[in-house]
Amino acid sequence: MSTSPTLNSPHLTGKVAIVTGASRGIGEAIARTLAAAGAAVTVASRKQDDLAPVAAAISAAGGRAIAVAAHTGKAEDVQRLIARTIAEFGQVDILVNNAATNPYFGPMLDISDAQWDKTFEVNAKGYFMCAREVIRHLDGRKAPGSIVNVASVAGLRAAPFQGVYGMTKAAVISMTQTLATECGPRGIRVNAIAPGLIETRFAAAIVGNDSLRSHVVARTPLGRHGQPDEIAGAALYLCSDAASYVNGHVMVIDGGMTAT
Ligand SMILES: NC(=O)c1ccc[n+]([C@@H]2O[C@H](COP(=O)([O-])OP(=O)(O)OC[C@H]3O[C@@H](n4cnc5c(N)ncnc54)[C@H](OP(=O)(O)O)[C@@H]3O)[C@@H](O)[C@H]2O)c1
């Protein structure tokens, strides 16, 4: 008679993670979850005052965390973020690219050039620069690693009133698949998560608007929007050895909306 395998919760003991956009919302939930699973975590966003309480809460819960203010669209900030993490924790094994922006909500053709540039600077180039810096570090150590890019269902389908934002998320999915292909042979896995509507400050314009929220919820089989913790478990899975054969995958977490 065969015995069932023992299924343990994913753990990240001995691993070091960087989570961008971790001062609130989905990034904060991911950072807390990775830390609770044993990773030392660098939480990053632009504002130190918002990050410090997140790092403090992780430490108070028995984890290890530092807060590093960094604008992920700026190369010098990205380099400093990775260097500071290595100085503090000795290495980087995991990157969660999550910091994104959407400065414009409206018909696609009416976006200004400045808004276009800002959206691509943070959401596409920022993700790329963080990934490049971490992959170079992993290659220097000849170490395996895991990168998780937080994309969006807006990168998989038409995204009315969020068109250029949706373009950046499609770019993130493309980047995920190419990096997974190019870096997989070196043991570096690259995956993406595509959330649907999640209750954060970022989505407040939709969640807080009865008509817009009802429009999304009506198309969602689970009949509600999601919470940040409902993304964090997937990020933990993808970062951990539980996902050791998962590479180049886009995990949709949207209550079934895009399945319909
Ligand atoms: N909420 C949703 O419905 C939803 C759906 C699909 C995908 N997503 C994606 O989920 C991710 C997280 O979004 P969220 O909903 O959790 O948003 P959020 O609560 O507004 O958090 C965004 C985080 O990103 C940081 N950030 C923004 N610009 C930055 C920059 N230039 N450099 C560094 N950090 C920056 C913010 O801190 P500072 O402003 O202090 O820098 C904050 O920590 C994003 O990639 C978003 O596109 C969200």
Requested in this report: Confirm whether S174 is more than 13 Å from P195 (Cβ to Cβ) and either out of contact with any Ser or Thr (no Cβ under 6 Å at 6 or more places or on another chain) or buried (at least 22 other Cβ atoms within 10 Å of the Cβ) (or both).
Outcome: yes
Query raised in the report: Does the range 102-123 hold any residues that are acidic (D, E) and within 14 Å of the ligand (Cβ to nearest atom), and which are they?
Result: D117, E121
Query raised in the report: Just to be sure, is G126 within 10 Å of the ligand (Cβ to nearest atom), part of a helix (DSSP H, G or I) and over 21 Å from A204 (Cβ atoms)?
Result: yes
Query raised in the report: Which members of the range 99-115 meet the condition of being of a type in the set (A, V, I, L, M, F, W, C), surrounded by 16 or more Cβ atoms within 10 Å (Cβ to Cβ) and either out of contact with any Ser or Thr (no Cβ under 7 Å at 6 or more places or on another chain) or assigned to a helix (DSSP H, G or I) (or both)?
Result: A100, M108, I111
Query raised in the report: Can you tell me which of A61, A83, A36, A75 is farther than 30 Å from L197 by Cβ and more than 16 Å from the ligand (Cβ to nearest atom)?
Result: A83
Query raised in the report: Where residues in the range 197-227 are of a type in the set (S, T, Y) and more than 8 Å from the ligand (Cβ to nearest atom), which of them is farthest from R157 (Cα to Cα)?
Result: S211
Report task. Assess whether G21 counts as being within 16 Å of the ligand (Cβ to nearest atom), touching a residue at least 40 places away in the same chain (Cβ under 8 Å), on the phi > 0 side of the Ramachandran plot and not acidic (D, E). Result -> yes
Query raised in the report: Looking only at the range 86-98, which residues are more than 21 Å from the chain's Cα centre (by Cα) and outside any helix (DSSP H, G or I)?
Result: G90
Query raised in the report: Only one residue in A151, A99, A180, A131 is within 12 Å of the ligand (Cβ to nearest atom) and under 26 Å from A83 (Cβ atoms), so which one is that?
Result: A99
Requested in this report: Those residues that are buried (at least 17 other Cβ atoms within 10 Å of the Cβ) and either more than 9 Å from the ligand (Cβ to nearest atom) or in a loop (DSSP other than H, G, I, E, B) (or both), I need them from the range 231-247; list them, please.
Outcome: A232, A234, A235, L236, Y237, L238, C239, S240, A243, N247
Query raised in the report: Where in the range 1-85 are there strands (runs of 3 or more DSSP E), lying wholly inside it, with at least 1 residues that are under 16 Å from the mean Cα position of the chain (by Cα), among the polar types (S, T, N, Q) and modelled with pLDDT of 95 or more?
Result: 16-20, 40-45
**Report entry** Odd one out for N191, checked against (1) touching a Gly at 6+ places or on another chain (Cβ under 9 Å); (2) polar (S, T, N, Q); (3) within 11 Å of the ligand (Cβ to nearest atom)
**Finding:** (3)
Requested in this report: Go through the residues of the range 184-203 one by one and say whether even a single one is of a type in the set (A, V, I, L, M, F, W, C), touching a residue at least 12 places away in the same chain (Cβ under 8 Å) and part of a helix (DSSP H, G or I).
Outcome: no
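The values are calculated or read from the model by the stated rules, or taken from the named source; none is laboratory data. Please read these numbers as outputs of a predicted model, since none were measured by experiment. Ideal geometry is used to build each Cβ from the backbone, glycine not excepted, and the neighbour counts take in all protein chains shown.
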